[in-house]
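Colleague: Structure provided below as C-alpha cells; questions to follow.
Each reported figure results from applying straightforward, stated rules to the coordinates on display, with no laboratory input. Since the structure is predicted, the reported quantities are computational estimates derived from the model, not experimental observations. In this analysis, Cβ positions are derived from the backbone assuming ideal geometry, glycine residues included, and neighbour counts consider all displayed protein chains.
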Amino acid sequence: MHSYDEPVYLISVVANMLDIHPQTLRQYEKEGLIKPSRTQGRIRLYSQRDIEKIKMVLRLTRNLGVNIAGIDIILQLKEKMDEMQDEVNFLRDELKKSNRNGSVHLSKAMVTTNSYDIILFQK
C-alpha cells in the first residue's frame, strides 16, 4: 500500500480515473493549481493527495462555475487553514505534555478549536 503523498500514478491513469483529458491536467499544472512530482525522465507522477486536489478543482469548476483565479485563492486559503489547524494540534499536544508535569494550572489548560472544512454543494 502506498502512502497518501507518494507519487505513483501516471498522467494517463489519473486522466482515466477522473474522466478528463491529460491536457486538462497539464493546464492545471501550468496554472499552478497542482504540482505533480517528476521522475528523472520528467514523467509526471501524481499522489493520492494530488488526485483529491484535482477532484476539488473539478467540483469547483464544473459544479460551481468557479474560474481558475478563484480556485487558486480557495486552494491557498484551504492550505493556510490546514497549516493553522496543524499548529493548533501541535500546541494542544504541547499543552497536554505540560499538564502531565503539573506546570499549567488545570483552569487554564483547556484549548478548544473549531475545525473548518470546505464543503461544496451542488445546485
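Colleague: Give the distance, in whole Å, between the Cα centre of region 1-23 and the Cα centre of region 41-55.
Modeller: Using only Cα atoms, the two centres lie 5 Å from each other.
Colleague: Same structure again: Between Leu95 and Glu6, what FRET efficiency comes out of the Förster formula 1/(1 + (r/R0)^6) with R0 = 35 Å and r the beta carbon distance, rounded to 0.05? Don't skip to the end; give the middle numbers.
Modeller: Working: r = 32 Å, r/R0 = 0.93.
Calculated value: 0.60.
Colleague: Run down the aspartates and glutamates and flag those whose C-alpha is under 13 Å from the C-alpha of Lys53, throwing out any fewer than 8 positions away in its chain.
Modeller: In chain and number order, the partners are Asp5, Glu29, Asp72, Glu79.
Colleague: Would you please put 91-98, 48-55, 28-35 in order of how densely packed they are, using the mean number of other Cβ atoms within 10 angstrom per residue and starting with the highest?
Modeller: Values: 91-98: 12.4, 48-55: 16.8, 28-35: 15.2.
Averaged packing, sorted descending, gives the order 48-55, 28-35, 91-98.
Colleague: Right, something else. Which distance in nm do the two modelled labels at Gln85 and Asn63 give, with both placed 7 Å along the Cα-to-Cβ direction?
Modeller: Between Gln85 and Asn63, the label points sit 1.7 nm apart.
Colleague: Lys/Arg Cβ at +1, Asp/Glu Cβ at -1, dipole of region 9-108 taken about the Cα centre: which of Thr39, Met17, Ile51 is farthest positive-ward?
Modeller: Thr39
Colleague: Any idea what the relative contact order of region 1-45 is, in percent, if you count C-alpha pairs under 8 Å spaced at least 6 apart? Provide the component values of the computation, followed by the final result.
Modeller: Numbers: 27 pairs, mean separation 17.5, N = 45.
For region 1-45, the relative contact order is 39 percent.
Colleague: Got a sec? How would Val8, Val14 order by Cβ neighbour count within 10 Å, fewest to most? Could the numbers behind the result be given before it?
Modeller: Numbers: Val8 12, Val14 20.
Lowest count first: Val8, Val14.
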